[in-house]
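See below for the structure under consideration.
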Amino acid sequence: MAAVAFGQTTGKLGDAAETTDNPLGAVYVASFSPKGSSKVSGSIVASSGPDGEGVHFSVSVSGLPADSGPFGFHLHAAPVPADGGCNATLAHLDPYIRGADTPCDKTKPETCEVGDLSGKHGALSGESYSASFIDKYASLKPGIGAFFGNRSVVIHLADKSRLACTNWKPLSDACDVAPGPSGPKPNSTAPPDTSIPIYTPPPVVNSSTPPRTSSLPSRTSSPPVFTGAAVPNAVNDGVWVVGSALMAALTFFL
Ligand SMILES: [Cu+2]
């Protein structure tokens, strides 16, 4: 078993299949921003390749630590959790069960882990790095093993420790309406927009309450009008009572 694993040069399930049915127009972005000890910022944009064949990656990142590269980067199997811990992203996206023990031979990319982007296309280097390439084996079609839209990407230091990580997020919908730079803006402002309406209802309720409150006093003031009208009656009654008493007293005295 060990010998088989040691000599393994492709996945236990065979070579990776080229993806030819990536949804046209599908775009996902992985955005990096400084966090903790990482100063990495920028993004990797992934979009379906021409005619749905393969996935086009456009890498543009900065803030890489000087002289600490080359920086491997991979599609990892699990998303980054809320606490941002890169170790929770588990291992590379590897639907063909190849493993990472044997380095990828970039002349035979079909034998590499699907998620081993740097192994197939070169590692990041320098403090800023930009590159674009098409990976024939990654997928933006949800539901298959090579799909990475619900997963993460991790940038490593030369010693393979995890420098930075972030999740892929779909921009397809935004791009259908307004492609390019305006795509990220609606997406990034969407959470605030969603939260604002949640906070808005209370003010609306409050603003509608004053009218009700102001109408109550008028109703409250109305009864006093009737009460006031009743008071004269009571006074009149009282006058009659007092008058009757006086008459009775006079009758007794007389
Ligand atoms: Cu990795």
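Annotations for the structure displayed:
- From the alpha carbon centroid of segment 96-175 to that of segment 24-82 is 8 Å.
- Modelled spin-label separation between Asp105 and Ile134, with each label point placed 7 Å from Cα along the Cα-to-Cβ direction: 2.4 nm.
- In plain terms, the chain from Ile97 to Lys160 could stretch by 20.7 nm, reckoned as 0.36 nm per residue minus the Cα-Cα distance.
- Rounded accessible area per residue of segment 1-137, 1.4 Å, Å²: 50
- Charge tally around Thr111: other residues with Cβ under 15 Å, Lys/Arg +1 each, Asp/Glu -1 each, net -3.
- Surface share of carbon and sulfur [accessible, 1.4 angstrom probe, percent] for segment 2-178: 55
- The rule of thumb for compact globular proteins, 2.2 N^0.38 Å, goes into the C-alpha radius of gyration of segment 14-130 1.10 times.
- Between Glu18 and Ala66, the C-beta separation translates, for a Förster distance of 51 Å, into a calculated FRET efficiency of about 0.85.
The values are calculated or read from the model by the stated rules, or taken from the named source; none is laboratory data. Keep in mind that this is a model prediction, so the values were computed, not measured. When we count neighbours, we look across all protein chains shown, and the Cβ atoms used for this are built from the backbone with ideal geometry, even at glycine. Areas reflect the complete protein model, heavy atoms only, side chains present, ligands, DNA and RNA absent. Shrake-Rupley method; radii C 1.70, N 1.55, O 1.52, S 1.80 Å.
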